[in-house]
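Reviewing the structure listed below.
The values are calculated or read from the model by the stated rules, or taken from the named source; none is laboratory data. Because the structure is a prediction, the values reported are computed rather than measured. Counting neighbours? That spans all protein chains shown, and the Cβs are built from the backbone with ideal geometry, glycine included. Only protein heavy atoms, including side chains, enter the accessible area calculation; ligands, DNA and RNA are left aside. Shrake-Rupley method; radii C 1.70, N 1.55, O 1.52, S 1.80 Å.
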Amino acid sequence: MATTTRSRTTTGLPKALRTGSALMALASLGFVGYAVIFFVRNFTGAFLELGIGPSQVDVGRDEIRAFSNDLYHYVSHLHIAATGLATASLAWFGVRRGELWAYVTAVAAPVVGLAVALPAHYPWGLATIGHLGLIYLATAVFVAGAGLALKPLLSLRSANDRP
């Protein structure tokens with residue numbers, strides 16, 4: 001049985017598409033970096049999340065562990081790393097090559113994650129700039145990249161649909 005490998009070069013694709021997808025990938029790696037910060041803090045003496053202090057949470061590591069050992073082990077943001085890694089891969093290997101499905105998936109994954117996570121921060125006073133600032137920055141870079149990549153991506157699609 002023969003196997004065919006298909007590889008598409010990106011050199012002939014519009015610069016805006018390549019730049020936009022690179023920004024999307026970079027911002028997604030920023031999500032991974034954010035999660036790494038949480039991971040380190042989770043397993044060091046800092047424990048509480050970046051930008052969260054006594055003004056937002058009036059108990060520390062020992063009090064949380066005494067209240068609920070399960071909650072103590074749950075407190076981390078490692079799901080952000082998984083979403084960031086998947087989105088960076090989609091942007092770099094799919095969007096950069098002009099794949100619309102990769103673009104839609106790369107945009108949908110962080111949108112769903114942020115739509116669920118961000119609103120939960122506000123009622124409890126956890127939406128500090130120290131806590132969410134890096135995510136806001138990465139999201140702004142991601143949105144700029146997605147906006148930059150969209151027009152040439154759609155142009156490629158309509159050009160491919162022509163007879």
> Once you put a point 7 Å from the Cα of F67 and another 7 Å from the Cα of A82, both along the Cβ direction, what distance in nm separates them?
Replying inline: 2.5
> Could you give the length gained on full extension between S55 and L137, defined as 0.36 nm per residue of separation minus the Cα-Cα distance, in nm?
Replying inline: 27.2 nm
>> Please compute the per residue accessible area over the chain with all protein chains in place, 1.4 Å probe, rounded to a whole number of Å².
In response: 60
>> Charges at C-beta only: +1 for Lys and Arg, -1 for Asp and Glu. How large is the resulting dipole of the range 28-163 about its Cα centre, in Debye rounded to 20?
In response: 620
> Between exposed trypsin sites (Lys or Arg not before Pro) in the chain, where DSSP calls loop and at most 11 other Cβ atoms lie within 10 Å, what's the longest gap?
Replying inline: 9-163
> Ignoring ligands, DNA and RNA, what percent of the accessible area of the range 78-163 is carbon or sulfur (1.4 Å)?
Replying inline: 75
>> Once each part is reduced to its C-alpha centroid, what is the distance from the range 121-157 to the range 13-29 in angstrom?
In response: 13
>> Please list 3J(HN,Hα) in residue order for the range 26-40, calculated via the Karplus relation 6.51 cos²θ - 1.76 cosθ + 1.60 where θ = phi - 60°; whole Hz, with x for glycine and proline.
In response: 4, 5, 5, 5, x, 4, 5, x, 4, 5, 4, 4, 5, 4, 5
> Would you list Y122, Y136, Y103 from the most to the least accessible area, probe 1.4 Å?
Replying inline: Y122, Y136, Y103
> Does the range 102-163 come out rounded, prolate or oblate by the C-alpha gyration tensor, with a ≥ b ≥ c the root eigenvalues, rounded set by a/c under 1.5 and, if not, prolate when a/b is larger than b/c and oblate if not?
Replying inline: prolate
> Relative to the present Cα-Cα distance, how much length would full extension add between V36 and T19 at 0.36 nm per residue of separation?
Replying inline: 3.6 nm
